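Engineer: Let me begin by handing over the structure; questions about it come next.
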Amino acid sequence: MKTTTTNGLTIAPDIAQRTAQLPRTVIDYDRSLLNDNERQVVAKLIEASKLIDEIFWRQVSEDNPALRDRLAKENSPAYDYFVKNKGPWGRLKDDAPFIGTKRKPPGAAFYPEDMTNEEFEKYIGEHPDKKDELQGLFTIVKRDGPAFVGVPYSAFYRDFLQPAAARLREAAALTTNDSLKKFLNSRADAFLSDNYRDSDMAWMDLNGPIEVVIGPYEVYEDNLFNYKASFESFVTVVDGPESAKLGAYAHALPDMERNLPEPEQYKNLNRGTESPIRVVQQIYSAGDARRGVQTAAFNLPNDEWVREKKGSKKVLIKNVMNAKFRQSGRPIALRVLDLSLINFLTFDAYFNHTLFHELSHGLGPGFITQPNGERVEVRIPLKNLYSTIEECKADVLGVWNLLYAQQRGLVTSFDDRQLLATYAGLMFRSTRFGVGEAHGRGTAVQWNWLREHNAIGPVAGKKFGVDFTKMRDGIRDLATELLTIEATGDYNRANALLEKYGKETDEMRAVNAILKDIPVDIWPVFPAAGEQ
């Protein structure tokens, strides 16, 4: 396919079609859930979030701000898609460039562009005293002559973090909710110190209608090592009655851990037992939370130290989930599944699988002991493969744990056939994200594994049927493999699994071809922030 040139910039000719894959979708919330004072607090949080957004632009590429300004000034046809991807690389096409020809550096802007992973690891091996500084979540790696140095986020992004901290303190001064006041002041301090643990602990204790996440969390953008955290923000309002209905699931987490299909010595029964579940309506998002495919749920904090002390919180963004299911999830399943399975499709199964996906992030190995006796988080030995393995694990354990919850009578609103059919039908929603993205590649592993085990198979009319018995067996066996990889930190075993199963097959490409007219995801428009 030929490219086009606009004002000296080479732009993919199908830019309009790509932009349409992420249609603008209004995401609004029930205004009655907040009073006037709380809406003033939210306004300050949105101001802080916009500053956080600017940081993430620069974490993707230091060239982003200048190119964004140029595209806007020239009224470029690529501007909208550039904004949706937070850069010139297509997140739905394995980060292939749609402006120019430069490939995206695997380490984004977290490391020197010309640095190799071998060079980095060799330097750390020769300078073990620099390991924490260079591998830390909250540092940018720069060259200093022949050496590498880790520049703290608080220094590198000070021009944005100082005013963001000020907005958080202003919001804290406005709120009458003590738990929110404590979190916002603590997080403002963290922006300037890079010590996020106290504010993570305070976030776990939030108790009120405003649920806000703001700071550096996920490591997906660092495709070199998965070491570096990206800045993001979610400003949401809690749906109290919906949240209360799901609270009972959290009490079953220790039993779910004991029920995992892995050897007893790998079971992690020492994590914190707190596991609040919040169903929310999104008001605004920014940074890593607003690029490419939109987040429908999350499980934070990621810090295993906090998880062992306190636990983790699961947040489901119901207005976003509804939009995704309506615009792409259900239409895809209707095209992919055999007619006999269509009546099993249900939003409730999709919603609960998403919840149990997040619950499952908090299950399984957390810290592991390496052969040299060092105790580290699982992400360290699995390096660049960690995000994909972990997302795949959460998907698979989400099904496994839901089947267990159904057997226990904890989940009764849909049966196992509805769960397994909905899960199978919606897999192509995720594979369309691209196998260069953790969720997309993790889903490819699941599809190809279950196809090999004859749990899913082609039927007449180029659609797919489900063998429910083989599906349960396939889920169990894949769960065991993923849990073993994490428990042992076996990079080679993880790589072998992903090389064999984590790829787009000819069959998958053929299915994706018949889905082209269905949106891949949504692009949120937030009226509460004045967007139209």
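Coordinate-derived values only; no laboratory data. Here the structure is a predicted model, which means the values were calculated and not measured. FYI the Cβ positions are ideal-geometry reconstructions off the backbone, even for glycines, and counts take in every protein chain you see.
Engineer: Just to be sure I follow the definition: excluding the sites themselves, where is the longest run in the chain that has none of the trypsin sites (Lys or Arg not before Pro) in a DSSP loop with at most 16 other Cβ atoms within 10 Å?
Structural biologist: With a cap of 16 other Cβ atoms within 10 Å, the longest stretch comes to 104-407.
Engineer: Could you tell me which GluC sites (Glu not before Pro) in region 69-122 are loop residues by DSSP with no more than 15 other beta carbons within 10 angstrom of their beta carbon?
Structural biologist: Hits after loop and neighbour filter: Glu74, Glu113.
Engineer: Take the Cα of Asn35, step 7 Å along the line toward its Cβ, and report every residue of region 201-241 whose backbone nitrogen sits under 14 Å from that point.
Structural biologist: Residues 208-210 qualify, since their backbone N sits under 14 Å from the label point.
Engineer: Provide the convex hull volume over Cα atoms per residue for the chain, in Å³.
Structural biologist: In the chain, the Cα convex hull volume per residue is 146 Å³.
Engineer: Round to the nearest 0.05 the FRET efficiency obtained for Ala16 and Asp129 when R0 = 51 Å and r is the Cβ-Cβ distance.
Structural biologist: After rounding to 0.05, the efficiency reads 0.45.
Engineer: Please state the charge dipole magnitude for the chain, taken about the Cα centre, from unit charges on C-beta atoms (+1 on K and R, -1 on D and E), reported in debye and rounded to the nearest 20.
Structural biologist: Rounded to the nearest 20 debye, it is 1220 debye.
Engineer: Find how many whole Å separate the alpha carbon centroid of region 371-393 from the alpha carbon centroid of region 1-66.
Structural biologist: When both Cα centres are located, 31 Å separates them.
Engineer: Now for a different question. Efficiency by 1/(1 + (r/R0)^6): what FRET value for Ile342 and His251, r their Cβ-Cβ distance, R0 = 25 Å, to the nearest 0.05?
Structural biologist: Step by step, r from the Cβ atoms, then E = 0.10.
Engineer: Would you mind calculating the gained length between Tyr266 and Thr116 on full extension (0.36 nm times residue separation, minus the Cα-Cα distance), in nm to one decimal?
Structural biologist: 50.7 nm
Engineer: Turning to a different aspect of this structure: Considering only DSSP states other than H, G, I, E and B, which GluC sites (Glu not before Pro) in region 368-418 qualify as loop sites with at most 10 other Cβ atoms within 10 Å?
Structural biologist: Those that pass, being in a loop and sparsely packed, are Glu374.
Engineer: Please give the contour-minus-distance gain from Ala72 to Ala155: 0.36 nm per residue of separation, less the Cα-Cα distance, rounded to one decimal in nm.
Structural biologist: 27.0 nm
Engineer: Apply the Karplus parameterisation 6.51 cos²θ - 1.76 cosθ + 1.60, with θ equal to phi minus 60°, to every residue of region 208-213 and state each ³J(HN,Hα) to the nearest whole Hz, in sequence, with x for glycine and proline.
Structural biologist: Coupling constants for region 208-213: x, x, 9, 10, 10, 10 Hz.
Engineer: Which is farthest toward the positive dipole end of the chain among Trp57, Asn343, Asn207, measuring Cα position about the Cα centre, with Cβ charges +1 (Lys, Arg) and -1 (Asp, Glu)?
Structural biologist: Asn343
Engineer: Mind sorting Trp305, Trp203 by how few other Cβ atoms lie within 10 Å of their own Cβ, fewest first?
Structural biologist: Trp305, Trp203
Engineer: With each run of n ≥ 4 DSSP H residues scored as -39500 (n - 2.57), what mean residue ellipticity at 222 nm is computed for the chain after dividing by its residue count and rounding to the nearest 500 deg cm²/dmol?
Structural biologist: One gets -14500 deg cm²/dmol as the mean residue ellipticity at 222 nm.
Engineer: Continuing with the same structure: What is the spin-label model distance, in nm, from Ala460 to Lys503 if the labels are put 7 Å beyond Cα along the C-beta direction?
Structural biologist: 3.4 nm
Engineer: Now for a separate question. How long is the gain from Asp473 to Glu308 if the chain were fully straight, where each residue apart is worth 0.36 nm and the alpha carbon distance is subtracted?
Structural biologist: Taking Asp473 through Glu308 to full extension adds about 56.3 nm, to one decimal.
Engineer: Placing +1 on the Cβ of each Lys and Arg and -1 on the Cβ of each Asp and Glu in the chain, which of Ala510, Ala109, Leu33 has its Cα farthest towards the positive end of the resulting dipole?
Structural biologist: Ala510
Engineer: Considering amide H positions built from the backbone, and no H for Pro or chain starts, which residues 5 or more places from Val26, or on another chain, come under 5 Å of its amide H?
Structural biologist: Residues meeting the amide H criterion: Val525.
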